[in-house]
Amino acid sequence: MTTTSRRRALTHHHLFWPVAVLIALLLVNVPFTPDFFSINMTDGHLYGSLVSIVLFGSPLILVAVGMTLVIATGGIDLSVGAVVAITGALTCSYISDQADQNTLSAVFLAMGIGLVAAVVCGLWNGFLVARMGIQPIIATLIIMVAGRGVAQLITDGQIITVNSEPYKLIGGGYWLTLPFSVFVVAAVVAVTVALTRRTALGLLVESVGGNAEASRLVGIRSTRIKIMVYMFCALCAGIAGLMISSNTSAADGNNAGLWIELDAILAVVIGGTSLLGGRFSIGGTVVGALVIQTLTTTIYTIGVPTQTNLVFKAAVVIVVCLLQSPKFRAKVFGAKGPKGPQRDTAPVEPAPAADAAPKMEVSR
């Protein structure tokens, strides 16, 4: 393989442009924060901008991983932000009612209640989409709207605060010098990759997203697959809700996880997964989520005005998506496909028809 072909293969890899944009965003911060890449050890904990990006990006990575499987089946889940709020509200509400908020059994039970509620929301979404045949964007819009109201009913419209050290560990604690949330995300991503790439589950999800009816006709239970991925997506959103409420030691039914569904969808698209369903990339989604979180950090680092940060963020996302488009790169950078061997294009006289009558020569 020649150097040119290797370079072409590298630039055509689905992770090349997301990783390139991630590196570019990280480098942009250096002139504004010279010690951006420095990592310090304080009280046995690692601190630094890179650590903060991973820490605050952990909930988004979790939600985006679950969203990836939903999108791979040709669906969408707009309810993950509301599920984040419901999970945090239920968990913190139960912990705040305990006489001793540091009791491990009470904390585990509270987290279990929150995660069960999240899975039930996912089951409801999957039922509406797979069984009732409702469009995913409409089916999940129900919980997106109603879920916020449910979360505020649980909290009575107030911000519930807790003072529980065991619960604080999930989203704001450290273990082995690293944020504990990093280990939670790594475990979820590893399990997801193992189930989708080491078993037939990933192929089944892709087949359902490619053509659900054809999958059903060949014996794949597409209905069950769809319900399962919506439940998994809600579970990931529930874990993210635990992280967010744990990090702030509070549950805000109105603002917790607000618009996280849009960032998750962007992360999935940046990672190379098509919204039409079919093939997906968990690794690409993780990179896409880190791009979104790094972009948010960069906005604050370079001092973009608050009233324009959303516009700036949208502009960068548009650039990333355009760079991933082969047609756009071909027009802008002049990238053309390899030329094949030249063929002789000399005109060829058509052969006489098989049923043509023979010509007769007349002698004079």
### Task
Determine which single condition Ser215 fails, assuming it passes every other condition in (1) open to solvent by 20 Å² or more (accessible area, probe 1.4 Å); (2) at negative phi; (3) without any contact (Cβ under 8 Å) to a residue 40 or more places away in the chain.
(1)
### Summary
Ser79 vs (1) of a type outside the set (Val, Ile, Thr); (2) over 21 Å from Gln158 (Cβ atoms); (3) open to solvent by 30 Å² or more (accessible area, probe 1.4 Å); (4) in contact with a Gly (Cβ under 9 Å, 6 or more places away or on another chain): all pass except (3)
### Task
Just one of (1) surrounded by 21 or more Cβ atoms within 10 Å (Cβ to Cβ); (2) more than 15 Å from the chain's Cα centre (by Cα); (3) in a helix (DSSP H, G or I) trips up Gly253, so point out which.
(3)
#### Entry: Yes/no for Leu203 being of a type in the set (A, V, I, L, M), part of a helix (DSSP H, G or I), under 19 Å from the mean Cα position of the chain (by Cα) and over 23 Å from Phe108 (Cβ atoms)
yes
### Query
Is it true that Arg148 is under 15 Å from Val83 (Cβ atoms) and basic (Lys, Arg)?
yes
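Has the stretch 59-74 got at least one residue that is among the hydroxyl-bearing types (Ser, Thr, Tyr) and either surrounded by 23 or more Cβ atoms within 10 Å (Cβ to Cβ) or within 27 Å of the chain's Cα centre (by Cα) (or both)? Spell out how you get there, then give the answer.
We begin by selecting, within the stretch 59-74, every residue among the hydroxyl-bearing types (Ser, Thr, Tyr); these are 68, 73.
Keeping just the survivors that are either surrounded by 23 or more Cβ atoms within 10 Å (Cβ to Cβ) or within 27 Å of the chain's Cα centre (by Cα) (or both) gives 68, 73.
Yes, the conditions are met somewhere in the stretch 59-74.
Matching residues to (1) more than 30 Å from Pro34 (Cβ to Cβ); (2) at pLDDT below 85; (3) among the hydroxyl-bearing types (Ser, Thr, Tyr); (4) part of a helix (DSSP H, G or I):
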residue: Val268; (1), (2), (3), (4): yes, no, no, yes
residue: Gly278; (1), (2), (3), (4): yes, no, no, no
residue: Gly288; (1), (2), (3), (4): no, no, no, yes
residue: Ile292; (1), (2), (3), (4): no, no, no, yes
residue: Val320; (1), (2), (3), (4): no, yes, no, yes
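When the residues of the stretch 30-45 are filtered to those that are touching a residue at least 24 places away in the same chain (Cβ under 8 Å) and surrounded by fewer than 18 Cβ atoms within 10 Å (Cβ to Cβ), which remaining residue is farthest from Val291 (Cα to Cα)? Can you show your working first?
Just the residues of the stretch 30-45 that are touching a residue at least 24 places away in the same chain (Cβ under 8 Å), to begin with: 32-33, 36, 41, 44-45.
After this cut, where a residue has to be surrounded by fewer than 18 Cβ atoms within 10 Å (Cβ to Cβ) as well, the list is 32-33, 41, 44-45.
Details: Phe32: 18, Thr33: 18, Met41: 25, Gly44: 28, His45: 24 Å.
Step by step, filter the stretch 30-45, then rank; the result is Gly44.
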### Query
Of all residues in the stretch 302-318 being open to solvent by less than 40 Å² (accessible area, probe 1.4 Å) and part of a helix (DSSP H, G or I), which is farthest from Gly272 (Cα to Cα)?
Asn309
## Note on the structure
In the stretch 218-237, anything of a type in the set (Gly, Ala, Ser) and either more than 16 Å from Phe56 (Cα to Cα) or open to solvent by 30 Å² or more (accessible area, probe 1.4 Å) (or both) is listed as Gly219, Ser222, Ala234
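Test Ala200 against the criterion of being aliphatic (A, V, I, L, M) and exposed (fewer than 15 other Cβ atoms within 10 Å of the Cβ), and give yes or no.
Values: aliphatic (A, V, I, L, M): yes; exposed (fewer than 15 other Cβ atoms within 10 Å of the Cβ): yes.
Considered against the rule, which asks whether it is aliphatic (A, V, I, L, M) and exposed (fewer than 15 other Cβ atoms within 10 Å of the Cβ), Ala200 comes out as yes.
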### Query
Here is a list of conditions, (1) open to solvent by 40 Å² or more (accessible area, probe 1.4 Å); (2) under 20 Å from the mean Cα position of the chain (by Cα), and Ile143 meets all of them except one; can you say which number that is?
(1)
### Query
For residues in the stretch 178-196 being touching a residue at least 60 places away in the same chain (Cβ under 8 Å) and open to solvent by 50 Å² or more (accessible area, probe 1.4 Å), which is farthest from the chain's Cα centre (by Cα)?
Leu178
### Message
Return the residues of the stretch 120-137 that are in a helix (DSSP H, G or I), at pLDDT below 95 and open to solvent by 80 Å² or more (accessible area, probe 1.4 Å); say none if nothing qualifies.
### Response
Arg131, Ile137
### Task
Quick one: which helices (runs of 4 or more DSSP H) lie wholly within the stretch 1-108 and hold at least 2 residues that are under 30 Å from Ala130 (Cα atoms)?
49-72, 80-96
### Task
Considering every residue within the stretch 206-222, establish whether at least one is assigned to a helix (DSSP H, G or I), at pLDDT below 90 and closer than 21 Å to Ala110 by Cβ.
no
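The values are calculated or read from the model by the stated rules, or taken from the named source; none is laboratory data. Being a predicted model, the structure only gives us computed values, none of them experimental. As a convention, Cβ positions derive from the backbone with ideal geometry for all residues, glycine included, and neighbour counts pool all protein chains shown. Protein only, heavy atoms only, side chains kept; ligands, DNA and RNA dropped before computing areas. Shrake-Rupley method; radii C 1.70, N 1.55, O 1.52, S 1.80 Å.
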